[in-house]
Structure formats: structure tokens, C-alpha cells
Amino acid sequence: MTSSLHLGIVAHPAAHSLSPVLYRAGCEAAGLRMADDIPMTHDSARFDVFDVLPEDFSAFFQRMRAGEIDGVAVSVPYKETIIPLLDWIDPCAAEIGAVNTVRVRNGRLEGYNTDWLGVQYALREALVGSGKKITSWKWKNVLIVGAGGAARAVAYALREEGAHIFILNRTRQRAEEVAKAFGGSVVTLGGDDASNDAPRGAEDMPSAFDLVVNATSVGLETDESPLPISFWEERGNGVAFDCVYRDRGVLTRFLREADRAGWATVSGETMLIGQAVEQFFLLTGRHVDATVFARALSR
Ligand code: ATR
């Protein structure tokens, strides 16, 4: 690994990324000096936000190939499209079908997925949040809303935990693909909910869930929830976990509505913190504890 690191996050849009805050805190804790415009030295790192339009992505990728950048966090909308461009992909990332971390090593571009570790971390926090009502996710009824890359990372982590997985998605076919890949049942909301175009007659939902995860992108740019408000009163009261985060410390609508109905909540920031531990290690070779990243986000 080179001793001076040029790192960053590539996404579009990227303006609201919290990664620079995390990396600054991580570098401080690891004794890596953050360099902005000064030449990089032996023990320094630089972290840039690369807000790259899809039409400019290939040029950006060439900069990585040329060795100008040592590693990046990868976010929307490149987590899947970057895969065929890489030289090697970690088996977990391949199974999930999404890459959120790319490391350049000896001119080779390697892809990893640390999102599922963030989910695993959030799931542990969710056990704490349940007030010891739940002590493990094994055999627990879990609803995953969504069927994209984030949902696949959630399903991967929950399969590892031995949970009983149900999937609800606006486009039924994608839900079926996730159910097939990770073992689960496709469910529909029934009624006239506009966010669900699945035909009637799919397997009914269980009467209560221990965990409900928002793995859609709903709530990212607008204050909306992928579930009707009535859902929370009708389906027990376990833990609600949103992969989405918006403004620091502000609950998304999904979590606000769950909270009002008495559900415990875990935010997307928790997942971000959990995934940062492994991502920071992959990109810098240094281990920093999750508490460092948590403290950085709470400032
Ligand atoms: P990511 O990789 O971040 O998960 P994605 O693959 O684009 O992104 O997946 C986005 C998810 O959010 C999908 O489950 C999508 O539903 P569809 O499969 O039907 O597209 C879901 N989603 C996005 N906008 C939505 C909306 N307005 N209502 C309900 N679901 C929505």
C-alpha cells in the first residue's frame, strides 16, 4: 500500500455525504494527518468528495486506474454499475451484487461491500434498542421494504442472523429476485396503497413483525415513508430500522411514524457508522473503533 493516501467518495448527488466527517475523525484517531491542498506526506491522507455525473464516470474511473486515487467509498448510483469495471470483487460483494468500497492495489481495482457489516452493526444496536425484549434475530419475523442494492445487503446480513425474511417492494419482480437469492417470502400490503403495485393474492404478511427495515430510497430526498402510517398500529411493535439518513440527528418520516406508534428506532446513521469501521480499514489499513465515528456524527 502507498504510504500517502488519496481517498474520497464518488456519488451523485454527493453534497450531503457524511463521509468527509467520518474520515476526518478516523484519520485523527489513527494519527493520519489530513492534507487538503498541501503535498501528501508519509503519514497523511486526503479525502475528496467526487460528485461525478454518470456521463463523466468513465473518465473518473480512468483517474483511479492511473493511480491518481488510492481508494473510494462508492455511493448512489454507482454501487452496481461499477462492478464490471473492476479487476476483482470480494465474494460477499458479488453475492450482494453491490460494491460500496473500491481499493486500488498495485494497479488492480478491488471491490468490497461493507454495507452489510453496517447492517449487522445496526442489527446489534436494534437488539439493545428493543430493551432486551429481543435477544437475537434468529427465527424473528423481519420485513424488508425495498429490493435494490441496499435491500440485498440487508437481506444478506439477516440471512446470516437466521431471521425469517419477508420482502415488500413496489416492483414485485425485484422482490422475488431478492427472496430467491437470500431465502424469503414476498408479501404485499393489500388495500390500495399506491407504493405497492403487486397483484393481490401473494402470501399474507404475518400479523406482527419484530423488525421492519426501510431499504428503499424513499425518505432520502423528500419527507415520505414507503409504508402507510396505519402499518405501525397494525403490525405489533418491534424495531424500525431505516437505511436512509437525512439531516444529522433528525428522524426520517418512516422512523417518526414508527416511534409514535411505540416502536423502537434505529437510524441510517447507525448503519453508516458500522460500515465505516471496515471501510476505513480497507482504505487506510488502520483500525478505528466505531465509537470514534459515532462521536464524530454526534458533534
Ligand atoms: P439502492 O441500490 O440504493 O438500493 P436501487 O437499486 O435504485 O437503489 O433501489 C431503490 C429501491 O427503492 C427499490 O426497491 C425501489 O423500488 P422499485 O424496485 O419498485 O424501483 C424503491 N423505491 C424507489 N422509489 C420508490 C417509491 N417512490 N416508492 C416505493 N419504492 C421506491
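The values are calculated or read from the model by the stated rules, or taken from the named source; none is laboratory data. Predicted, not measured: the structure shown is a model, and the values here were computed from it. For neighbour counting, all protein chains shown are included, and Cβ atoms are generated from backbone atoms with ideal geometry for every residue, glycine included. Each accessible area value is taken on the protein alone, full model and side chains, heavy atoms only, with ligands, DNA and RNA left out. Shrake-Rupley method; radii C 1.70, N 1.55, O 1.52, S 1.80 Å.
Close contacts from the stretch 279-297, counting a first residue that is at pLDDT below 95 and a second that is loosely packed, with under 14 Cβ neighbours inside 10 Å, with Cβ to Cβ under 6 Å and a gap of 6+ residues or different chains, come to GLY285/MET1.
Which of the residues spanning the stretch 224-252 are charged (D, E, K, R) and under 18 Å from the mean Cα position of the chain (by Cα)? If the condition is that a residue be charged (D, E, K, R) and under 18 Å from the mean Cα position of the chain (by Cα), then ASP242, ARG246, ASP247, ARG248 are the ones that fit. The sole residue among ALA73, ALA98, ALA122, ALA93 that is assigned to a loop (DSSP other than H, G, I, E, B), open to solvent by less than 10 Å² (accessible area, probe 1.4 Å) and modelled with pLDDT of 95 or more is ALA98. Within the stretch 239-268, the set of residues being modelled with pLDDT of 95 or more, open to solvent by 10 Å² or more (accessible area, probe 1.4 Å) and acidic (Asp, Glu) comprises GLU257, ASP259.
The set of residues in the stretch 281-299 that are closer than 18 Å to TYR245 by Cβ and open to solvent by less than 20 Å² (accessible area, probe 1.4 Å) comprises ALA290, PHE293, ALA296, LEU297. The single condition among (1) surrounded by 14 or more Cβ atoms within 10 Å (Cβ to Cβ); (2) at pLDDT 95 or above that SER4 does not meet is (2). For the stretch 76-90, check the following and say yes or no: at least one residue is of a type in the set (Phe, Trp, Tyr), at pLDDT 95 or above, crowded, with 23+ Cβ neighbours inside 10 Å and over 20 Å from PHE241 (Cα atoms). Yes: the stretch 76-90 contains one or more residues that are of a type in the set (Phe, Trp, Tyr), at pLDDT 95 or above, crowded, with 23+ Cβ neighbours inside 10 Å and over 20 Å from PHE241 (Cα atoms).
Is it true that PHE241 is touching a strand residue (DSSP E or B) at 6+ places or on another chain (Cβ under 7 Å) and of a type in the set (Phe, Trp, Tyr)? Yes; evaluated as a whole, the condition is true for this residue. Taken together, ASN141, ASN113 contain a single residue that is touching a Cys at 6+ places or on another chain (Cβ under 6 Å) and either more than 19 Å from ALA14 (Cβ to Cβ) or among the polar types (S, T, N, Q) (or both), which is ASN113. Could you run through the stretch 33-68 and say how many residues are surrounded by 16 or more Cβ atoms within 10 Å (Cβ to Cβ), in a loop (DSSP other than H, G, I, E, B) and modelled with pLDDT of 95 or more? Number satisfying all stated conditions: 1. Residues in the stretch 142-172 that are within 8 Å of the ligand (Cβ to nearest atom), assigned to a strand (DSSP E or B) and open to solvent by 10 Å² or more (accessible area, probe 1.4 Å): there are none.
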